[in-house]
């Protein structure tokens, strides 16, 4: 640990909680370092970073030697992307109490959040192993370990650790159960590519992510190639410019302005050329716009109309009465797409009779829908 680099951060933390000769006095029976650290961990898991920081600072104010308070501050720094400070604070937590399983688990958690270098998971595993050696029945340790394995695309190992956290029936069993539900969806969807596995972990996918999934997991180019009729061109027309025989073979494709430097530009280009996802009138694709369930249904409808050679699919359910979804009017184009996907078993309605058209689509759900779509087309990829 670089003590010279860590000292300024510790001093800043000390200033934030007040540098007095004695720890602050407890105000109630719940005003304890362990209570505030526990609350801080929950706040972090809910994404309330500033409130979590306040909880860890209060723990440190009550006991400036409380190791888990430093570990909590390490996680705050990690959430802010301050990786150097996060690593230093995690090391400080371990140094202050080497027999505390949480300090070791936090150090593993920081490594799994940063994912620095190719061996990040092995290094994180060592810390999690140490934590379970100290306490084999700590559900938080197994919860974090499961999420680390998921980040490394080891979904079966993630499932095992999360199941262990649930079996312990502790404070974090509910969070572990929610995470396990997502991992089980990914296992059922069985992403076939590395990029598909990465997108499967997302809580919300955007248009670029969906373009990638369509091309890599649905194998859309192959689907279209199998189903579009082949019409060989037997005619010949001389080029307009006789000095360049290839100048008029095809028009130059221009990428939308907002995807030229995007990681998914190759996939986006393909999806646009196939006519499944459109470019807006201002020549933008909006790759970072989140995909809703209604939009996903529309894109799937576009594909079905193409591969089934049946334009009537795009209007088959419009105007039906009564509407089958309590949150959609049957005169809407998105209603037709939703009804089409539900009727064919590609997407499911909510249990309350709604379709939830504006809800975001998770990566795991997107993969499951794509697998259902493939089954509907009776293709085996």
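Just to be sure before I move on: is residue 313 closer than 19 Å to residue 212 by Cβ and either surrounded by 18 or more Cβ atoms within 10 Å (Cβ to Cβ) or under 22 Å from the mean Cα position of the chain (by Cα) (or both) in the structure I sent? Explain how you work it out, then say what you get.
On the way: closer than 19 Å to residue 212 by Cβ: no; either surrounded by 18 or more Cβ atoms within 10 Å (Cβ to Cβ) or under 22 Å from the mean Cα position of the chain (by Cα) (or both): yes.
So residue 313 does not fit the description; no.
Given the criterion in contact with a strand residue (DSSP E or B) (Cβ under 6 Å, 6 or more places away or on another chain) and outside the structural domain of residue 37 (by TED's automatic domain parsing), identify the matching residue among 160, 206, 177. Testing whether each residue is in contact with a strand residue (DSSP E or B) (Cβ under 6 Å, 6 or more places away or on another chain) and outside the structural domain of residue 37 (by TED's automatic domain parsing) leaves just 206. Quick check on the stretch 293-307. Is at least one of its residues at pLDDT 95 or above and either assigned to a loop (DSSP other than H, G, I, E, B) or in contact with a strand residue (DSSP E or B) (Cβ under 9 Å, 6 or more places away or on another chain) (or both)? Yes, some residue in the stretch 293-307 is at pLDDT 95 or above and either assigned to a loop (DSSP other than H, G, I, E, B) or in contact with a strand residue (DSSP E or B) (Cβ under 9 Å, 6 or more places away or on another chain) (or both). Counting only helices (runs of 4 or more DSSP H) that fall entirely inside the stretch 182-231 and contain at least 2 residues that are modelled with pLDDT of 95 or more, closer than 12 Å to residue 370 by Cβ and in contact with a helix residue (DSSP H, G or I) (Cβ under 7 Å, 6 or more places away or on another chain), the qualifying elements are 194-200, 207-216.
Is at least one residue of the stretch 314-329 under 22 Å from residue 226 (Cα atoms) and in a helix (DSSP H, G or I)?
Start the filter on the stretch 314-329 by keeping residues that are under 22 Å from residue 226 (Cα atoms), which leaves 314.
Going one step further and asking which of them are in a helix (DSSP H, G or I), we end up with 314.
So far as the stretch 314-329 goes, yes, one or more of its residues are under 22 Å from residue 226 (Cα atoms) and in a helix (DSSP H, G or I).
Evaluate the following for residue 371: is it within 24 Å of residue 202 (Cβ to Cβ) and either modelled with pLDDT of 95 or more or not in a helix (DSSP H, G or I) (or both)? So residue 371 passes the test. Here residue 49 passes the criteria (1) more than 25 Å from the chain's Cα centre (by Cα); (2) surrounded by fewer than 23 Cβ atoms within 10 Å (Cβ to Cβ); (3) at pLDDT 95 or above except the one numbered (1). Out of 362, 358, one residue alone is touching a strand residue (DSSP E or B) at 6+ places or on another chain (Cβ under 6 Å) and modelled with pLDDT of 95 or more. It is 358.
The values are calculated or read from the model by the stated rules, or taken from the named source; none is laboratory data. None of these values were measured; they are calculated from a predicted model. We place every Cβ from the backbone using ideal geometry, glycine too, and count neighbours over all the protein chains shown.
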